[in-house]
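Have a look at the structure below before the remarks.
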Amino acid sequence: MRTMLGKTCLVTGATSGIGKETALRLAMLGATVIIVARDAARGETTGDEIRRRVPLAQVETVTADLSSMTEVRQLAEEVLARYDRLEVLVNNAGVISMGQQLTADGLETTFATNHLGPFLFTNLLRGLLERSAPARVVTVSSAAHKQVRTIPWDDLSRGAQAGHAQTYPLSKLLNILFTVELARRLTGTGVTANCLHPGFVRTALGRDVTGVLGAVVRLVLRFQPGPATGAETSVYLASSPEVADVSGGYFVKCKPTEPSALARDAWAAARLWAFSEKLAGL
Ligand SMILES: NC(=O)c1ccc[n+]([C@@H]2O[C@H](COP(=O)([O-])OP(=O)(O)OC[C@H]3O[C@@H](n4cnc5c(N)ncnc54)[C@H](OP(=O)(O)O)[C@@H]3O)[C@@H](O)[C@H]2O)c1
């Protein structure tokens, strides 16, 4: 059996659904697990739940709202101050927000939470990951990325033209482009970057979606397998020796899979990186 004893893994969005199950499974494999929660109490409750199921689990909680770039910077500072190793970063937190909701930074909420927050966070932890190599970055995307036909470059961060039905698939496309470019930039460092579609899974995702779209999302998810199934590919990419040297891949059911043509566009990946760097003030 593979073991993660002695390894430190950080999972965002670990207070619910796929992230909670991913944190639990990594704890079962012996890893020290850092849970990122946007609500401290929910983070503590999740930590207690994991410790009840895995009595020797090493679980610690840090708190941040990943849609706020200020909080992402504070979170990275806290992680860098508290930990001298990080072998696995799982960018799992995600949201489908309604309408054109803007954050305090003036960013569309889904874009900020699902793309820019993880982009900034990963970049701020890059040195720690490289010092901990071999290390892995795992980002949870979605097959929903295939719905995107073009990238609205002039409107990416505010989502005004995209319409709420498109901001989520777009953010999941950005997760893949981010991974492609991150993997390229990490070549030779001993840190890999891969992303995945977890399958359609019965979780709280879509709880904020109203109207017909909300009804469809909740109906579809109700009949899907539970979060344990959804966590399988995340845990595989975080821990399996089979993918120790694989980077830049998109995985479904633990198998490398070809994403959409747009998601394989290296030029778009480089453009997104430059755009995100500027926007995040890196
Ligand atoms: N479920 C599916 O069918 C499916 C399919 C494809 C991809 N995915 C992806 O899987 C990932 C996990 O989603 P899930 O289905 O497990 O949904 P979920 O049960 O709603 O879990 C989402 C997690 O993200 C956290 N989160 C949301 N916004 C945040 C913010 N601003 N700052 C910090 N944390 C935040 C949530 O925290 P709270 O607990 O505080 O709400 C929660 O822990 C997402 O990236 C999603 O896009 C899911």
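The values are calculated or read from the model by the stated rules, or taken from the named source; none is laboratory data. Nothing here was measured: the structure is a model prediction, and the numbers come from that model. Because the Cβ atoms are built from the backbone with ideal geometry, glycine has one as well, and the counts that use them run over all protein chains shown.
Looking only at residues of segment 1-15 that are within 13 Å of the ligand (Cβ to nearest atom), part of a strand (DSSP E or B) and not hydroxyl-bearing (Ser, Thr, Tyr), we find that the one that is nearest to LEU125 (Cα to Cα) is LEU10. Confirm whether ILE18 is within 13 Å of the ligand (Cβ to nearest atom) and at pLDDT below 95. In short, no. Among residues of segment 193-207 that are within 23 Å of THR122 (Cβ to Cβ), those with a beta-carbon under 7 Å from a residue that is in a strand (DSSP E or B) and near the ligand (Cβ under 6 Å from one of its atoms) at least six positions away or on a different chain give the pairs LEU196/VAL140; PRO198/VAL140. Summed over segment 49-77, the residues that are within 15 Å of the ligand (Cβ to nearest atom) and more than 26 Å from GLY127 (Cα to Cα) give a count of 2. Taking segment 203-277 and the helices (runs of 4 or more DSSP H) fully enclosed by it, the elements with 1 or more residues that are of a type in the set (A, V, I, L, M, F, W, C) and away from the ligand (no atom under 15 Å from the Cβ) are at 211-222.
Here GLN100 meets each of (1) at pLDDT below 95; (2) surrounded by fewer than 17 Cβ atoms within 10 Å (Cβ to Cβ); (3) within 13 Å of the ligand (Cβ to nearest atom) with one exception, condition (3). All conditions in (1) within 13 Å of the ligand (Cβ to nearest atom); (2) farther than 30 Å from ASP84 by Cβ hold for VAL138, with the sole exception of (2).
When each of SER142, SER132 is tested for being of a type in the set (Gly, Ala, Ser), at pLDDT 90 or above, buried (at least 18 other Cβ atoms within 10 Å of the Cβ) and farther than 23 Å from VAL220 by Cβ, the lone residue that passes is SER132. Here the condition is being within 12 Å of the ligand (Cβ to nearest atom), under 19 Å from THR257 (Cα atoms), at pLDDT 95 or above and assigned to a helix (DSSP H, G or I); of LEU174, LEU196, it holds for LEU174 alone.
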